[in-house]
Each structure stands twice: as structure tokens, then as C-alpha cells.
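Please treat every number below as a calculation from the coordinates, not as lab data. Since the model is a prediction, treat every value here as computed from it, not as a measurement. Counting neighbours? That spans all protein chains shown, and the Cβs are built from the backbone with ideal geometry, glycine included.
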Amino acid sequence: MSHFRNAPAAPGVAFITGGARGIGNAIAVSFAKEGAQAVVIVDIQDEATTREGKEAVEKYGARVLTIHADVTKEDQVEKAVETAVKEFGRIDYAANFAGIVGPLTLAWDTPLEEWRKPVEVNQVGTWLCMKHELRQMIKQDSVEVGSIVNCASVASILGGELSGAYAASKHAVMGITKSAAIEARRHNIRVNAVSPGFLRTRLTRSDSRLPDATWDAYEARQGREASVNEIGDVVALLSTPRMSLVNGHNLVVDGGYTIS
């Protein structure tokens, strides 16, 4: 496998949901830095945000296709995969990072419709994307057929006050990931998850429910403030042949938060 060291680490086509901003965009940039020939950004964000995310990736030489799609709608997910394959011929790496926080309420104060929102996006959306990514990857004729990385969270390991719906959705992501990893390995496809710690993204900074004091406490336990680029690099590395025996794993990237 030494030839991998002398070539781009990730020379194929990357398909990133939630890729217009935040962690998802950092992943898209990391794939471009690692030599991806093309990056597909799938997001529900507005045109300006998507354009900004696209330009950030294009700086590193990759061809970029943007697709507006809602990951909770199967027809839109299926169409996004079809569009990517029509443009670039295949999907080698997928990172499913579209997600929301949802309600920050106690279990007995959470309306059912609010509970369902993170479940629909984080759990159902991840499964729908993975379903159609796998269908495409199984068709492909390469020694390195494919890698999928799903977005879990430290909340996929821990419980937490006011985060029941989010934690439930992220625990579910791990169940989905492990089951698919066993099913897909016969086709030489790996399915893993990454669990980021606490990151101050544009989305979280704009959430008034999370005051600075809360973030300071999280980061004290984490050891320091984290960068989305650190998550992007981990996802790109996990997708490469250098990690070829890693399958069904939850790679925690939290500075030691979950062990402290």
C-alpha cells in the first residue's frame, strides 16, 4: 500500500451533505486539499451561503457541484445522488453531515413535533443519504469502492440535560452506521462515524439558547476551543485507503471531553 503515500490521499469524488457551511464545508475543503478531483456540496442553505461554501473549496483546485436538497425528502436525496453521478461518473466518498440541534427542553416539556425535527434530519436524513450512496457505490468497479462517514456526536455516547431529542437522534446514527458497516463490507465499502466535540460554528454562535458561559464550560472540559478544520481533516483521512480496516467505528474528536 506504499503507493498511496506518493499520490493524492483522496483522489476521487466526494459527496458532502450539509457541505455549504460549518463542519460540512470544512470537510469539503479537506477533501479538496487531499486531492479530490471533484466535490459535491448538498445543502438546503440559501444561494449566497452555498456560493461562499463552493468558493472556499474551489480555492484548492477541485471541481465543485452544488445541489440544493432536503435530506429528509427521499426523492430529493435520490436526485442529488443521480445528479452527482451524471456530472462526475461516480461517488467515492460520502460524508453525511446535514443536521440540526433541535429543542433544548426537558423530556416532559418537549412537544412531539419538536422532538421529531432532529430525528427527521439527523436520523432519517442520514439513513436516506446512506441508502442511496450505498446503492451507487455498490455498482462501482474499483478496488477502493467507497467510504461513508456519518455525523454522530459526543451526544451519541453521553446523555445530557435538555438534549434528549438530539441525543436520541445521534445514538440512532450509530446504530445505523454499525448495521450498514456489516452489510456493506461484502462490497468493499466502509461505513464509519465521527463524533465531534463542541465547536463554535456560525450556526451555534447564532443560537441564543447557548450562552458564552455554556460554551466556556464545554471547552474547559474539552481542553480548548476546537476548529471545524480539525473535524474536516479527520473525516477526509478516515475516508482514505490508509484507514482501510476501520469499519463501523465511531471516531471521537473531542479533545478528551468524553473521558474527563
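Please tell me if Glu34 is closer than 27 Å to Asp141 by Cα, of a type in the set (Asp, Glu) and surrounded by fewer than 19 Cβ atoms within 10 Å (Cβ to Cβ). Before you say what the answer is, go through the steps one by one.
Working: closer than 27 Å to Asp141 by Cα: yes; of a type in the set (Asp, Glu): yes; surrounded by fewer than 19 Cβ atoms within 10 Å (Cβ to Cβ): no.
Against the criterion (closer than 27 Å to Asp141 by Cα, of a type in the set (Asp, Glu) and surrounded by fewer than 19 Cβ atoms within 10 Å (Cβ to Cβ)), Glu34 does not qualify.
Per-residue answers, yes or no, for (1) farther than 22 Å from Ser169 by Cα; (2) of a type in the set (A, V, I, L, M):
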residue: Ile27; (1), (2): no, yes
residue: Gln45; (1), (2): no, no
residue: Ala80; (1), (2): yes, yes
residue: Leu112; (1), (2): no, yes
residue: Lys117; (1), (2): no, no
residue: Thr126; (1), (2): no, no
residue: Lys131; (1), (2): no, no
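Only one entry in Ile157, Ile148, Ile176 is within 15 Å of Val13 (Cα to Cα) and surrounded by 15 or more Cβ atoms within 10 Å (Cβ to Cβ), namely Ile148. Take Ala62 and tell me if it is more than 16 Å from His132 (Cα to Cα) and either surrounded by 24 or more Cβ atoms within 10 Å (Cβ to Cβ) or without any contact (Cβ under 8 Å) to a residue 60 or more places away in the chain (or both). For Ala62, the condition - more than 16 Å from His132 (Cα to Cα) and either surrounded by 24 or more Cβ atoms within 10 Å (Cβ to Cβ) or without any contact (Cβ under 8 Å) to a residue 60 or more places away in the chain (or both) - is met.
Just one of the numbered conditions (1) surrounded by fewer than 19 Cβ atoms within 10 Å (Cβ to Cβ); (2) among the charged types (D, E, K, R); (3) in contact (Cβ under 8 Å) with a residue 60 or more places away in the chain is not true of Glu183: (3).
Taken together, the residues in region 111-145 that are in contact (Cβ under 8 Å) with a residue 24 or more places away in the chain, surrounded by fewer than 17 Cβ atoms within 10 Å (Cβ to Cβ) and not charged (D, E, K, R) amount to 3.
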